[in-house]
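Written out below as structure tokens is the structure these notes cover.
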Amino acid sequence: MSEHQQYAEDLALHALDALRGEERTKLELHLATCASCRLELEQLRGDTALLALSAAGPRAPQRARQRLLEAVAREPRLAATSAGLSAEVGRAAGKDDVRPRSWWGWLGWAATAAVVVFALSLWRENSALKQTVASASSQAAQSRREMEELRRIAAPILEPEAQKVTLVAAKSPPQPQGKAFYLRSRGTLVFLASNMPALPPQKAYELWLIPTSGAPIPAGVFKPDAHGSGSVVNPPLPAGTEAKAFAITVENEAGSGAPTTPVLMIGAGE
Amino acid sequence: MVMGLKSGDQGAMAELYDRYSSVVYSVALRVLGDTGAAEDVLQEVFLQLWRNPSAFDAARGSLGSWLAVITRNRAIDFLRKRRPETDIEDVVLSVSPDLAGEAERARAAEKVRGVMGTMTPAQRSALEMAYWEGMSHSEIANKTGEPLGTIKTRIRAGLIALRQAFQV
């Protein structure tokens with residue numbers, strides 16, 4: 001039985017939030033380092049959404065709509081970073097332990113892993129488990145340190161308030177441009193685009209990883225902002241995939257499993 | 001609509017509510033069985049999206065499905081009188097049917113009920129106890145007297161059956 005098969009049933013329970021105790025802890029440790037199991041968890045959560053459909057019931061009372069819109073009117077949108085907004089949500093939910101959040105999804109996994117490793121270290125009873133936990137704790141702490149350093153370095157590139165300037169030859173009109181930064185060994189990808197033309201409603205740009213063999217792999221969808229800038233950060237990708245090139249097409253905003261329109265932009269490794 | 005939320009458009013919030021409130025309220029009511037509590041969860045879910053629209057990533061799932069999952073989780077937290085265990089930004093799901101329209105949703109609901117109808121009573125019961133009552137696999141095993149491994153297998157097989165029905 002492979003490691004992933006071993007976790008298959010626990011992933012289904014975790015998608016339902018029905019896994020507790022040591023099994024949940026061990027799975028979260030595994031998820032911190034396994035992109036394919038994180039992807040399977042996302043699919044299983046999608047499956048649970050289907051279950052919700054069997055809950056046909058009466059409509060919400062009309063007063064609920066009015067109540068919501070009044071509440072919304074009392075809370076005009078604040079210009080804030082993602083982290084600030086998250087903290088706001090945490091406070092609204094009555095949490096005392098509001099954690100700083102970021103767009104770097106798996107940093108959260110790593111932080112979670114570090115916490116659960118610490119908890120496990122208090123409860124471990126046998127020496128074999130003790131050894132495993134110590135090792136995982138070290139890896140998670142190392143991963144967290146690396147991610148914090150990367151986030152610090154990348155802040156001028158990715159923070160919403162960062163000023164982004166593209167220099168081109170004088171008198172040349174701005175051209176659409178994309179830059180992909182792909183770390184195959186970790187399956188992580190950051191893509192930044194600028195000067196992208198606006199799109200019709202319901203449409204978005206989709207990034208594709210072109211592997212050395214096989215079909216293009218979806219690598220995230222983005223819509224450019226008012227300045228034509230957009231980004232994709234750490235989309236789910238199969239582990240260890242070698243990229244021959246990256247490409248952009250226009251697809252429906254939900255994304256597509258395969259390109260359905262001509263390639264607009266393409267670039268191979270530098 | 002989510003783009004509208006990001007720019008603080010209250011009209012986008014109203015439109016989004018009109019499109020998805022029936023899903024959110026139905027899920028909350030099914031879990032809680034109380035109209036007042038279901039309305040509170042509905043308010044919380046939509047207000048969370050208003051406060052933090054970036055929590056929903058259109059590249060990683062459809063809005064209707066995401067709202068359904070968020071609602072179910074919040075309703076279970078409410079039912080079990082516990083603090084939210086999962087931050088909404090941590091709820092990421094693969095693209096699944098958006099089901100923004102009533103007719104589309106009704107057809108999908110019929111399909112889900114059809115799949116549930118093909119399951120054995122024990123499998124359907126395990127899946128429903130986990131999903132609608134928020135029971136852990138250990139609690140289900142204790143209640144039914146079945147081995148833990150059997151409960152795990154039944155739940156995963158049930159979810160996979162639903163996935164396959166929508167892949168056809």
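The values are calculated or read from the model by the stated rules, or taken from the named source; none is laboratory data. Bear in mind that the values here come from a model prediction, so they are computed numbers and not experimental data. Note: ideal-geometry Cβ built from the backbone for every residue, glycine included; neighbour counts use all protein chains shown.
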- Task: Please enumerate the residues belonging to region B:34-72 that are under 15 Å from the mean Cα position of the chain (by Cα), at pLDDT 90 or above and polar (S, T, N, Q).
- Result: B:71
- Give the residues of region B:64-79 that are over 20 Å from residue A:42 (Cβ atoms) and within 8 Å of chain A (Cβ to nearest Cβ), sorted by residue number. none
- Task: Mind listing whichever residues of region B:45-63 are over 16 Å from residue B:30 (Cα atoms), in contact with a helix residue (DSSP H, G or I) (Cβ under 6 Å, 6 or more places away or on another chain), assigned to a helix (DSSP H, G or I) and more than 7 Å from every other protein chain (Cβ to nearest Cβ)?
- Result: B:53, B:55
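Among the residues of region B:108-124, which ones are closer than 18 Å to residue B:30 by Cα and buried (at least 17 other Cβ atoms within 10 Å of the Cβ)?
First, the residues of region B:108-124 that are closer than 18 Å to residue B:30 by Cα: B:108-110, B:112-113, B:116, B:124.
Of everything in region B:108-124, those that are closer than 18 Å to residue B:30 by Cα and buried (at least 17 other Cβ atoms within 10 Å of the Cβ) turn out to be B:108, B:109, B:112, B:116.
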- Task: Just name the residue that is surrounded by the fewest Cβ atoms within 10 Å (Cβ to Cβ) out of those in region A:1-52 that are within 18 Å of the chain's Cα centre (by Cα) and small (Gly, Ala, Ser).
- Result: A:36
- Restrict the check to region A:230-245 and report whether at least one residue is over 22 Å from residue A:185 (Cβ atoms), in contact (Cβ under 8 Å) with a residue 24 or more places away in the chain and surrounded by 13 or more Cβ atoms within 10 Å (Cβ to Cβ). yes
- Message: When you check residue B:144 against the structure, is it over 22 Å from residue A:10 (Cα atoms), surrounded by fewer than 22 Cβ atoms within 10 Å (Cβ to Cβ), modelled with pLDDT of 90 or more and more than 10 Å from chain A (Cβ to nearest Cβ), yes or no?
- Response: no
- Task: Please find, among A:201, A:224, the residue that is in a loop (DSSP other than H, G, I, E, B) and surrounded by 14 or more Cβ atoms within 10 Å (Cβ to Cβ).
- Result: A:224
- Note on the structure: Those residues of region A:248-270 that are crowded, with 20+ Cβ neighbours inside 10 Å and within 13 Å of residue A:191 (Cα to Cα) come to a total of 1
